[in-house]
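The values are calculated or read from the model by the stated rules, or taken from the named source; none is laboratory data. These numbers were taken from a predicted model, which means no experiment stands behind them. Please note: Cβ atoms are built from the backbone with ideal geometry, for glycine as well, and neighbour counts cover all protein chains shown.
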Amino acid sequence: MRALGGGERTGPSPVDRRKKGSKHHVLTDGQGVPLAAATTAANVNEVTQLRRLVEAIPPVRGKPGRPRRRPDRLYGDRGYDSEPERRWLRRRGIEPFLARRGTEHGSGLGVYRWVVERTLSWLHAKRKLRVRTDRRTDIHQAFLSLACSLICLIFL
């Protein structure tokens, strides 16, 4: 996503001739319902956002007892692979299924990861998120939260 004229949380894109842009990070459940979403500059490594996303998961209500605040398993692509992050997830009781860096493609995680890719596609169907025109990050983050809420409403 290109931020016209720049703004907060924008950085040179590594794939789009170093134009300023931003990146969306989304953590979903098994059906594609967004649980946490964040916006960063295009040149920020994904691994730096893993803890932020996991800690941003809201309590999931519905069953009797204490609301759940963490998933059993976490699937992710190579951008989120890091041994310290794997250890951190295990300490929290989350089993990490992250594609390893430096290995050939075809790890089999695509069977699960397509759900997140579909959710990102739904988010980017909104032009305001696909092409970033807002310079202020709080406004862009508000639109991201609104789009996530609309996806949740569709699932209800």
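Where helices (runs of 4 or more DSSP H) sit wholly within region 33-130, those with at least 1 residues that are free of Cβ contacts under 8 Å to residues at least 12 places away in the same chain and of a type in the set (Asp, Glu) occupy 50-55, 83-91, 110-124. Restricting attention to region 17-51, the residues that are charged (D, E, K, R), farther than 17 Å from Leu120 by Cβ and out of contact with any Gly (no Cβ under 7 Å at 6 or more places or on another chain) add up to 4. Counting only residues that are under 15 Å from the mean Cα position of the chain (by Cα) and among the hydroxyl-bearing types (Ser, Thr, Tyr), which one in region 55-113 is modelled with the lowest pLDDT? Among residues in region 55-113 that are under 15 Å from the mean Cα position of the chain (by Cα) and among the hydroxyl-bearing types (Ser, Thr, Tyr), the one modelled with the lowest pLDDT is Tyr112.
Just so you know, in region 3-32 the residues that are under 23 Å from Leu150 (Cα atoms), not in a loop (DSSP other than H, G, I, E, B) and not β-branched (Val, Ile, Thr) include one that is modelled with the lowest pLDDT, and it is Ser22.
Against the conditions (1) β-branched (Val, Ile, Thr); (2) loosely packed, with under 11 Cβ neighbours inside 10 Å; (3) in contact with a helix residue (DSSP H, G or I) (Cβ under 8 Å, 6 or more places away or on another chain), Ile154 satisfies every one except (3).
Sub-9 Å Cβ pairs linking a first residue in region 139-156 that is more than 17 Å from Leu27 (Cβ to Cβ) and aromatic (Phe, Trp, Tyr) to a second residue that is surrounded by 12 or more Cβ atoms within 10 Å (Cβ to Cβ) and modelled with pLDDT under 85, at least 6 apart or interchain, are Phe143/Lys126; Phe143/Lys128; Phe143/Leu129; Phe143/Asp134, ordered by first then second residue.
Please go through region 58-75 and give me each residue that is over 21 Å from Ser149 (Cα atoms) and surrounded by 13 or more Cβ atoms within 10 Å (Cβ to Cβ), ordered by number.
Start the filter on region 58-75 by keeping residues that are over 21 Å from Ser149 (Cα atoms), which leaves 63-66, 72-75.
Result: Leu74, Tyr75.
The residue that is modelled with the highest pLDDT, counting only those in region 39-49 that are surrounded by fewer than 17 Cβ atoms within 10 Å (Cβ to Cβ) and either out of contact with any strand residue (DSSP E or B) (no Cβ under 6 Å at 6 or more places or on another chain) or small (Gly, Ala, Ser) (or both), is Thr48.
What number of residues in region 131-149 are in a helix (DSSP H, G or I) and either surrounded by 14 or more Cβ atoms within 10 Å (Cβ to Cβ) or β-branched (Val, Ile, Thr) (or both)?
Let us first name the residues in region 131-149 that are in a helix (DSSP H, G or I), namely 137-149.
Still in the running and either surrounded by 14 or more Cβ atoms within 10 Å (Cβ to Cβ) or β-branched (Val, Ile, Thr) (or both): 137, 139-141, 143-144, 147-148.
Of the residues in that region, 8 qualify.
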